[in-house]
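The structure appears right after this line, and notes come after that.
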Amino acid sequence: MTVVVLEEDSTITMATARAPTASDSTHSDNSSSNPSGGGAEGGGDDVPDNSNFECNICLDTAKDAVISMCGHLFCWPCLHQWLETRPNHQTCPVCKAAISRDKVIPLYGRGSGNQQDPRDKLPPRPSGQRTEPEPQGGFMPGLGLGEAGGFQFHFGIGAFPFGIFTTFNNWGGAAAVPPAPGTQQYQEERFLSQVLMAMGLLFLFWLIFV
Amino acid sequence: MSLLKEPPPGVTVDVDQAHTKLTEWVVHMEGASGTLYEGEKFQLQFKFSPKYPFDSPEVIFVGEHIPIHPHIYSNGHICLSILTEDWSPALSVQAICLSIISMLSSCKEKKRPPDNSYYVKTCSANPKKTKWWYHDDTV
């Protein structure tokens, strides 16, 4: 939507000193919903200043807006296209800070209306990250005995060279919290404990029958 | 818009030219006052590819008067990193003009690049096809 309009006083009155085709390819699908799109052509002075919410690449009001960790606003399609251009050297177009797909935050405004899930659009916009709040401090936090998993007891066969199997450890402490079921770490730990159990049983049979 | 409303001093866009062909602009600029280029007038030609702004425009000096500068070849090609590898889609024509005026203004001695005659004979017409080596931050 970067049209150059010539007025009587021979000044170019479109959004910027920017050549055509800046956004034609990236925004063909949503030009109708751009609140400032139609109005800007009448001349800059009577249009409210929306420049705070302009994409730094296409200079239109940002659509499917994302913001970088360095605080710069872009349309996700614009930024995605830029990141694709230089996959090995992804920098913020404004300040050249290192950025990446995982380091931008989507902005969801209230006025976006019947917006479909932006992740269904192409190119997909990265989803928001939501960090759980800090837990409110459990029962006897110093010892950790009141919390599940605060006390762990490992037992193995105690014959001399294999004494390493006998471990008593983790009397409380933060490191003893078991991984949540379903995570990869949980699966790995379960696998490891099954292997150790099998080794212990084999050793037991060997002691008895040999 | 910002280029026309608040251009760097001495910079004007040739609107008629831009109107006939949107992808080719000519910008008139004057050397900043108080510098070696004070009072001199230059024309910069911008060519925008279909990939703009994700690809940098092709920017060269055109016309009779090419500034004499250690980073500007006599055929108008400019050795300036933001025109190739340091390009950013957030840069505007205004920003490029300002960079070039700044580059001119910080010049201490008017001279051509040391490899000027060789480069001008062998280079492509498109400066973006040159593999530039950016090594001098002082000018």
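Observations, loosely collected:
- Label-to-label distance, A:Asn52 versus B:His135, with points set 7 angstrom from Cα along the beta-carbon direction: 4.8 nm.
- Virtual spin-label span in nm between B:Val62 and B:Tyr118, 7 Å along Cα→Cβ: 3.0 nm
- Per-selection Kirkwood Rh - segment B:2-114 (Cα, Å, 1 d.p.): 14.3 Å
- Principal semi-axes of the equivalent ellipsoid, √(5λ) from the alpha carbon gyration tensor of segment A:49-112, are 19, 12, 10 Å from largest down.
- Between B:Glu64, B:Glu30, B:Glu38, the residue with the greatest mean-square fluctuation in the GNM of chain B (Cα pairs under 10 Å linked by springs) is B:Glu64.
- Take each residue in B:87-95, count the other chain C-beta atoms within 10 Å of its C-beta, and the mean is 6.
- Peptide-level mean, for B:20-32, of C-beta atoms on other protein chains within 10 Å: 1
- Legend: residues in segment B:54-79 shielded by at least 20 square angstrom of accessible surface upon adding the remaining protein chains to the isolated chain (1.4 Å probe, heavy atoms) are B:Phe54.
- Surface accessible to a 1.4 Å probe, per residue, for the residues of chain B, Å²: 50 Å²
- Exposed-site-free run, longest, chain B (rule: chymotrypsin sites (Phe, Trp or Tyr not before Pro); DSSP loop; at most 16 other C-beta within 10 Å): B:1-131
The values are calculated or read from the model by the stated rules, or taken from the named source; none is laboratory data. All values derive from a computational prediction rather than experimental measurement. Heads up, the Cβs are rebuilt from the backbone with ideal geometry, glycines too, and the neighbour counts pull from every protein chain shown. When the accessible area is computed, the model is the full protein with side chains, heavy atoms only, and any ligands, DNA or RNA have been set aside. Shrake-Rupley method; radii C 1.70, N 1.55, O 1.52, S 1.80 Å.
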